[in-house]
Amino acid sequence: MRIGLDVAQHQLLWPELMERVQFAENAGFDGAWVFDHFKPLYGNPNGPCMEGWTLLAGLAA
């Protein structure tokens with residue numbers, strides 16, 4: 001079985017997103033997931049919500 005971590009990038013800035021993905025990698029998770037929404041699903045509708053594909057590329061770099 002493979003286990004991944006859903007990072008859920010709404011209302012988060014880059015440093016915390018990177019920290020979560022590094023945690024997943026160090027903890028032995030097989031991958032990290034993000035969603036493809038352009039607006040946060042909860043909280044401030046104008047809050048941070050990075051676009052999924054670009055975010056994945058940045059996290060993989």
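Throughout, read-outs are computed from the coordinates displayed, never taken from laboratory work. All of these numbers come straight from a predicted model, not from anything done at the bench. Using ideal geometry, Cβ is built from the backbone for each residue, glycine included, and neighbour counts are taken over all protein chains shown.
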query: Across the chain, where is the longest run that never hits chymotrypsin sites (Phe, Trp or Tyr not before Pro) in a DSSP loop with at most 15 other C-beta atoms within 10 Å?
result: 1-28
query: For Cα extents along the principal axes in Å, the choices are (i) 29, 22, 22; (ii) 35, 23, 17; (iii) 37, 26, 14; which was calculated from the structure?
result: (ii)
ALA32 long-range amide H proximity, modeled H, under 5 Å: LEU5
- prompt: What value, in deg cm²/dmol to 500, does the helix sum -39500 (n - 2.57) over DSSP H runs of n ≥ 4 give at 222 nm once divided by the residues of the chain?
  reply: -11500 deg cm²/dmol
query: How far is helix 14-27 tilted off the main Cα axis of the chain, in degrees rounded to 10, range 0 to 90?
result: 20 degrees
- request: Evaluate the relative contact order of the chain (contact order divided by residue number), counting alpha-carbon pairs under 8 angstrom at least 6 apart; express in whole percent.
  value: 38 percent
